[in-house]
1. Considering each residue of the range 120-143, count those that are within 22 Å of Phe169 (Cβ to Cβ) and without any contact (Cβ under 8 Å) to a residue 60 or more places away in the chain, and give that number.
2. For Gly151, all conditions in the list (1) surrounded by fewer than 18 Cβ atoms within 10 Å (Cβ to Cβ); (2) in the same structural domain as Tyr266 (by TED's automatic domain parsing) hold save one; what is the number of the exception?
3. Pairs needed: first member in the range 153-182, at positive phi; second member anywhere, in a helix (DSSP H, G or I) and of a type outside the set (Val, Ile, Thr); C-beta distance under 9 Å; at least 6 residues apart or different chains.
4. So how many residues does the range 245-262 have that are in contact (Cβ under 8 Å) with a residue 12 or more places away in the chain and surrounded by 17 or more Cβ atoms within 10 Å (Cβ to Cβ)?
5. May I ask you to list the residues in the range 218-234 that are under 22 Å from Leu43 (Cβ atoms) and surrounded by fewer than 18 Cβ atoms within 10 Å (Cβ to Cβ)?
6. Condition first: touching a residue at least 24 places away in the same chain (Cβ under 8 Å) and in a loop (DSSP other than H, G, I, E, B). Can you find one or more residues in the range 229-240 that meet it?
7. Going through Val101, Val114, Val130 one at a time, which residue ends up being crowded, with 17+ Cβ neighbours inside 10 Å, hydrophobic (A, V, I, L, M, F, W, C) and within 30 Å of Asp302 (Cα to Cα)?
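The values are calculated or read from the model by the stated rules, or taken from the named source; none is laboratory data. What you see is a predicted model; the values in this text were computed from it and never measured. Glycine also receives a Cβ, built like all others from the backbone with ideal geometry; neighbour counts cover every protein chain displayed.
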Amino acid sequence: MRERNFCPAVLIALVISFPNPALSAEGLRKIRIAFPSPAFSYLPFYAAQEKGLLQKAGLEAEYIQMRTGIQPQAVINGNINFFPSVSTGISAAVSGLPLVVVLNLYNGAPWILVTRKEINRSEDFIGNKVAISGIRTSPHFFAMAGFKKMGLQEKDVGYIITGGTASSFAALATNQVAGAVLTPPFDDKAVSLGFKKFLFLGDLADVPYVGLITSQAEIKSHRERVQGTIAALLEGVSWLRLNRAETVKMIVEKFKVNNVEAERTYETMVSMLTKDGRLNLKVVRGYLDILRQDRPLPADIDPQKFSDFSMLPPG
């Protein structure tokens, strides 16, 4: 597999630049976390980094840009310690990789299908293309659920694979596609450019959203490091809730949106942020049913097999 040959040196060139309050402080445990592209759903990670919460937990974090599809194997290979896509983590674990979800950050998903203004009916999608991050990713699952609701077959619509939500927005903004599956603030940013919100997708499928995934080996060998990362992210969630004005400013600066768009993004985020960091087993069971459409899975598979919430504060 190409993922097995992923070179750690490549990671150095893909580091996302974030302000770091103290560089390489003595005694800090280093961690690497991979993201496919900038997204509002990663705001707890941004807050934990930029507000010194990771350092408070004794950690020096390096944020890496890496395609979602290779993140599971990168964790297994030791190139990174964590990645945020809960759906990707569970899918990889079902396939046999020793990965576990240790934190769930959102209860719900804000995916929405945004289109050109001339797309008015279901039939208008036939023969057109829609931008998604990747095949068998959350945007793809939600897109399929949306087209099914519209009475379309998957073969009726083509996809352009972009690698991340920011790139999906760019594909739409440059008229390479008829539509794109986006999250805030890219949906409102697209509307300001003359596109329209065609269909909300977030309630059409049980697909987990964003959290923290790591390997069983990481938990076994570096449990304190994992626990510290979880604690910093949960503190980041609290900071976001308590600091609306600063968070809105962060959204404006990171995503180049206006204040109104950033305020809407903030409202969406806060309404979905986790209260206890745990993942609803009903969502996991629903997601396993989605995965069964492509692969044989035992009917009695235990959804708790893919999570370890023992390092979270008592619920």
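1. 12
2. Unmet for Gly151, out of (1) surrounded by fewer than 18 Cβ atoms within 10 Å (Cβ to Cβ); (2) in the same structural domain as Tyr266 (by TED's automatic domain parsing): (2).
3. Gly163/Gly69
4. Count: 9.
5. Within the range 218-234, Gln227 is the sole residue that qualifies.
6. no
7. Val101
Residue by residue, here is whether (1) touching a strand residue (DSSP E or B) at 6+ places or on another chain (Cβ under 8 Å); (2) farther than 21 Å from Glu50 by Cα holds:
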| residue | (1), (2) |
| --- | --- |
| Gly202 | yes, yes |
| Val210 | yes, no |
| Gln216 | yes, yes |
| Val237 | yes, no |
| Lys254 | no, no |
| Arg264 | no, yes |
| Met272 | yes, yes |
| Asp294 | no, yes |
| Ile301 | no, yes |
